[in-house]
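Working notes, structure below.
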Amino acid sequence: MLAAGRVGLRALFPPRCIACGEAVGSEFGLCASCWSQTDFARGTVCDACGTPLPGQAEGERILCDDCLIHPRPWTQGRTVMHYSGTGRDLVLALKHGDRLDLVPPLADWLASAASPLLSPDMLIAPIPLHRLRLLKRRFNQAAELSRALARRGGLDHCADLFLRARPTASQKGKSREERLANLDGAIRINPRHSGRLAGRALLIVDDVMTSGATLCAATDAALEAGATRVCIVTLARVAKPP
C-alpha cells in the first residue's frame, strides 16, 4: 500500500530539478542541462581547498597555486563544486532565496566531499553570522548544512561554536589583504563551548570559499582553543576550472 501510494504521489507530483524545476527521474536531482552546467570538484583536488587539479596525485599531497602562495592554517579541505553556473545558482538560492528545501541534497553532496576528512570523534561547526545579519536573513545557511552533515555522519554538532564578535562589512570586491583585515578579531570561540574543542578534531562548514579569510579566522580561533586538527568543507569554491 505504501509503495502504491508513493507511485501515485509521484504521478501527481513528479520529481523536479532542484535548480530549474524541470521534471527529473529521481528526488533531489538535477536535470541534464543543469548537471552539465555544474562544475563538481572531482578527481585530483587540492588537499587544502578541494579545487580540481590536472594530473594524478598518486598518494602525494597536492596543493593549488593559491594554497601554495597562501598556506592555510587548517590541515585539509574539500569543496563540492565551483562557484559558477548551476553551483552559483544553488548557493544563492539557499543563501538569499529561502530555499531550505535544498539543504538535504546539498548536505548529501557535502557528506560525499567531506568523507576523506571525517574521524569518529570529530566535532562539526559552521561559520557564524553576526546576530544582526542573522535576524535579517532568519537562518544561517552554513549552520543548516553543517547540522545536516553531522546527522548523516553521526557526529557531534555545535551550531554556535563560533561567534561573530563584531559585524563585518561585506567581503565582496575586497582584496585578500582587505578581507583578512576586515575579519581581524571578528570570529571567536563561544565561551560556553570552549571546553568542547580541547583535544578534538574539528570540521568547519561554510557555503563559499573565496580567499579563505573567514575560514582562516575561524581555524585560528579553534586552534587557540585546543583543537588538535581542523579541516574545512565548503559547498562551493571561487576558482577558475583547471
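The values are calculated or read from the model by the stated rules, or taken from the named source; none is laboratory data. Worth saying up front: this structure is predicted, and the values here are computed from it rather than measured. No Cβ is skipped: glycine too gets one built from the backbone with ideal geometry, and neighbour counts run over all protein chains shown. Ligands, DNA and RNA are excluded from the accessible area calculation, which covers all protein heavy atoms including side chains. Shrake-Rupley method; radii C 1.70, N 1.55, O 1.52, S 1.80 Å.
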Check your understanding: Can you tell me which residues in the range 201-220 are outside any helix (DSSP H, G or I), over 13 Å from ILE124 (Cβ atoms) and modelled with pLDDT of 90 or more?
Key -> ASP207, VAL208, MET209, THR210, GLY212
Practice item. May I ask you to verify whether ALA125 is in contact with a Lys or Arg (Cβ under 8 Å, 6 or more places away or on another chain) and small (Gly, Ala, Ser)? Key: no
Check your understanding: In this structure, does ARG188 turn out to be open to solvent by 60 Å² or more (accessible area, probe 1.4 Å) and over 20 Å from ARG152 (Cβ atoms)?
Key -> yes
Check your understanding: Would you call ALA107 closer than 16 Å to ALA201 by Cβ, open to solvent by less than 10 Å² (accessible area, probe 1.4 Å) and at pLDDT 95 or above?
Key -> no
Check your understanding: Within the range 68-84, how many residues turn out to be touching a residue at least 60 places away in the same chain (Cβ under 8 Å) and of a type in the set (A, V, I, L, M)?
Key -> 2
Study note, to complete from the structure: Going through (1) closer than 28 Å to ARG42 by Cβ; (2) of a type in the set (A, V, I, L, M, F, W, C); (3) open to solvent by 10 Å² or more (accessible area, probe 1.4 Å) one by one, ILE232 fails only at (3)
Check your understanding: Any idea how many residues of the range 153-200 are among the aliphatic types (A, V, I, L, M), part of a loop (DSSP other than H, G, I, E, B) and either more than 15 Å from GLY212 (Cα to Cα) or modelled with pLDDT of 90 or more (or both)?
Key -> 7
Practice item. Select the helices (runs of 4 or more DSSP H) contained entirely in the range 23-133, then report the ones holding at least 3 residues which are over 17 Å from the mean Cα position of the chain (by Cα). Key: 32-36, 65-69
Review point. If you go through the range 85-95 one residue at a time, do you hit one that is of a type in the set (Ser, Thr, Tyr), in contact (Cβ under 8 Å) with a residue 60 or more places away in the chain and open to solvent by 30 Å² or more (accessible area, probe 1.4 Å)?
Key: no
Check your understanding: Given the residues ALA236, ALA227, which is the only one that is within 20 Å of PRO116 (Cα to Cα), modelled with pLDDT of 90 or more and assigned to a strand (DSSP E or B)?
Key -> ALA236
Practice item. Report, by residue number, each residue of the range 21-67 that is hydrophobic (A, V, I, L, M, F, W, C), in contact (Cβ under 8 Å) with a residue 40 or more places away in the chain and open to solvent by 40 Å² or more (accessible area, probe 1.4 Å). Key: PHE28, TRP35
